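The values are calculated or read from the model by the stated rules, or taken from the named source; none is laboratory data. The structure presented is a predicted model; accordingly, all values stated were derived computationally and were not measured. FYI the Cβ positions are ideal-geometry reconstructions off the backbone, even for glycines, and counts take in every protein chain you see.
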Amino acid sequence: MNSDDYIVIPKATLDKIFKENKSGILVAVYALYNYTSKWQKTNQPWANDTYVGKRLGISKGTARKYRTRLQELGLIESITKVRNKNGRFTKSFIKMKYILKKTTVEQITEQQTTDNG
């Protein structure tokens with residue numbers, strides 16, 4: 001096995017997620033984004049809400065709810081790009097943000113408090 005065979009979620013990231021309600025679903029969605037990043041070989045995988053819903057057996061709306069919460073926690077960023085001929089956006093990407101240390105979690109939490117305060 002090589003390093004591409006592993007999906008690693010740092011303890012600091014899981015600590016942040018486990019403070020949330022329904023943390024199991026959040027972990028599953030975050031892990032799916034990590035998995036998708038690995039096989040697409042990018043930190044910005046194409047992974048829209050329909051894809052997440054189908055892979056995890058949840059509705060598109062539920063996938064959107066947990067994607068939004070992961071964004072609020074500072075663990076991912078949603079990027080929508082690629083316009084079709086009608087000017088509509090057609091692709092949704094997830095930019096992965098990896099939290100490796102407790103100090104990073106504290107910095108993100110402090111920044112969110114400042115932004116929302």
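Close contacts from the stretch 85-97, counting a first residue that is surrounded by fewer than 16 Cβ atoms within 10 Å (Cβ to Cβ) and a second that is among the hydrophobic types (A, V, I, L, M, F, W, C) and at pLDDT below 80, with Cβ to Cβ under 6 Å and a gap of 6+ residues or different chains, come to Thr90/Val82; Lys91/Val82. Annotation: of all residues in the stretch 31-87 being of a type in the set (A, V, I, L, M, F, W, C) and more than 22 Å from Val8 (Cα to Cα), the one that is modelled with the highest pLDDT is Ile58. All of (1) touching a residue at least 40 places away in the same chain (Cβ under 8 Å); (2) out of contact with any helix residue (DSSP H, G or I) (no Cβ under 8 Å at 6 or more places or on another chain); (3) of a type in the set (S, T, N, Q) hold for Asn43 with one exception: (2).
Is at least one residue of the stretch 81-88 touching a Ser or Thr at 6+ places or on another chain (Cβ under 6 Å), more than 30 Å from Thr114 (Cα to Cα), of a type outside the set (A, V, I, L, M, F, W, C) and in a loop (DSSP other than H, G, I, E, B)? Yes; the residues of the stretch 81-88 include at least one that is touching a Ser or Thr at 6+ places or on another chain (Cβ under 6 Å), more than 30 Å from Thr114 (Cα to Cα), of a type outside the set (A, V, I, L, M, F, W, C) and in a loop (DSSP other than H, G, I, E, B). Against the definition (of a type outside the set (A, V, I, L, M) and in a helix (DSSP H, G or I)), how does Lys38 come out, yes or no? Criteria met by Lys38. Of all residues in the stretch 1-22, those that are under 13 Å from the mean Cα position of the chain (by Cα) and among the hydroxyl-bearing types (Ser, Thr, Tyr) total 1. Among the residues of the stretch 45-63, what is the count of those that are more than 12 Å from Ile25 (Cα to Cα) and among the hydrophobic types (A, V, I, L, M, F, W, C)? Matching residues across the stretch 45-63 total 2. Checking each residue in the stretch 1-24 for being among the β-branched types (Val, Ile, Thr) and surrounded by fewer than 18 Cβ atoms within 10 Å (Cβ to Cβ) picks out Ile7, Val8, Ile9. Within the stretch 41-65, being under 24 Å from Asp5 (Cβ atoms), of a type outside the set (S, T, N, Q) and assigned to a loop (DSSP other than H, G, I, E, B) holds for Lys41, Pro45, Ala47.
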